[in-house]
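Notes follow once the structure below has been shown.
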Amino acid sequence: MERAATEDTWTLAGRTLRSRLIVGTGKYRDAEQTKACLERSGAEIVTVALRRVDLSAKDNLLSWIDRDRYTLLPNTAGCYTADEAIRTLRLARELGIADIVKLEVIGDPKTLLPDNEQTLEAAKVLVKEGFAVMPYVSDDPIACRKLQELGCVAVMPLAAPIGSGLGIRNPHNIRFIIEQATVPVIVDAGVGTASDAAVAMELGIDAVLMNTAIAQAREPERMADAMRLAVIAGRQAYRAGRMPMRAHANASSPTSGLIE
């Protein structure tokens, strides 16, 4: 199954990728656990919250990540305005780690739901400045359509609030977003366990991004394995095409020619 999955590539900002799992780097116990979970996830893209990294420290999070192996995806977690997000990513560019970026503008400190209006405002500026922008946004088909029309290289609707582990709350909206998409659709935030990741992939999305579901599992390394396999299984199920759902039973064995 994993061999078949490696042949099912996808493209993001001109990159051909095999893994459809993108992982975050927050909330792990230490550097060793972070590196072990990245390894076992099979991810090729790793996201880092720039505002939560002590860039003055020699041994900081950025020094733990093998840049030859992983594509670094700096993000603007902790930003509450378009201006904050723009400044943060301009800093990332100065540090040489802003080839592709995750744009995140939070609208409420309690729910951590995205501010779509501020996200659109920031995306407009960043795209014009040449950033390859991947915006985190609510599961709003209209906002996603506007973001892709601005030139974003992907759209990342949430499954549920950040860190909630609630899984896909609104599969209908995710399907609408996929139907109109001209760029990759990546479900971001709210995945709690492997079955959530599989369900997300079965909807037909291109990839799934997660952090807390792995980092706060009882055994993070084992959960990283589980998520890797779940994403592969969900994608394979989507490609295979599920059987029709029926209101009544339908015998799996022939009902004619039975021996009396």
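For the condition surrounded by fewer than 20 Cβ atoms within 10 Å (Cβ to Cβ) and in contact (Cβ under 8 Å) with a residue 40 or more places away in the chain, Gly107 does not qualify. Residues of the stretch 87-96 being of a type outside the set (Gly, Ala, Ser) and open to solvent by 10 Å² or more (accessible area, probe 1.4 Å), which ones? Within the stretch 87-96, Arg87, Thr88, Arg90, Leu91, Arg93, Glu94, Leu95 meet the criteria. Selection within the stretch 198-221: residues that are outside any helix (DSSP H, G or I) and aliphatic (A, V, I, L, M). The member of this set that is farthest from Thr47 (Cα to Cα) is Leu203. In the set (1) within 24 Å of Trp10 (Cα to Cα); (2) surrounded by 19 or more Cβ atoms within 10 Å (Cβ to Cβ); (3) not small (Gly, Ala, Ser), the condition left unmet by Thr119 is number (1). Looking across the stretch 136-147, the residues that are over 19 Å from Thr212 (Cα atoms) and either crowded, with 17+ Cβ neighbours inside 10 Å or in contact with a helix residue (DSSP H, G or I) (Cβ under 6 Å, 6 or more places away or on another chain) (or both) come down to Asp139, Asp140, Pro141, Ala143, Cys144, Arg145, Lys146, Leu147.
Could you identify the single residue in Ala57, Ala4 that is out of contact with any helix residue (DSSP H, G or I) (no Cβ under 6 Å at 6 or more places or on another chain), in a helix (DSSP H, G or I), small (Gly, Ala, Ser) and modelled with pLDDT under 95? Full working, then the answer.
Working: Ala57 fails: in a helix (DSSP H, G or I).
Exactly one of Ala57, Ala4 is out of contact with any helix residue (DSSP H, G or I) (no Cβ under 6 Å at 6 or more places or on another chain), in a helix (DSSP H, G or I), small (Gly, Ala, Ser) and modelled with pLDDT under 95, namely Ala4.
Residues in the stretch 148-197 that are open to solvent by less than 20 Å² (accessible area, probe 1.4 Å) and part of a helix (DSSP H, G or I): Ile174, Ile177, Ala197.
The values are calculated or read from the model by the stated rules, or taken from the named source; none is laboratory data. Please read these numbers as outputs of a predicted model, since none were measured by experiment. Here the Cβ is made from the backbone with ideal geometry for all residues, glycine too, and neighbour counts use every protein chain on show. Ligands, DNA and RNA are excluded from the accessible area calculation, which covers all protein heavy atoms including side chains. Shrake-Rupley method; radii C 1.70, N 1.55, O 1.52, S 1.80 Å.
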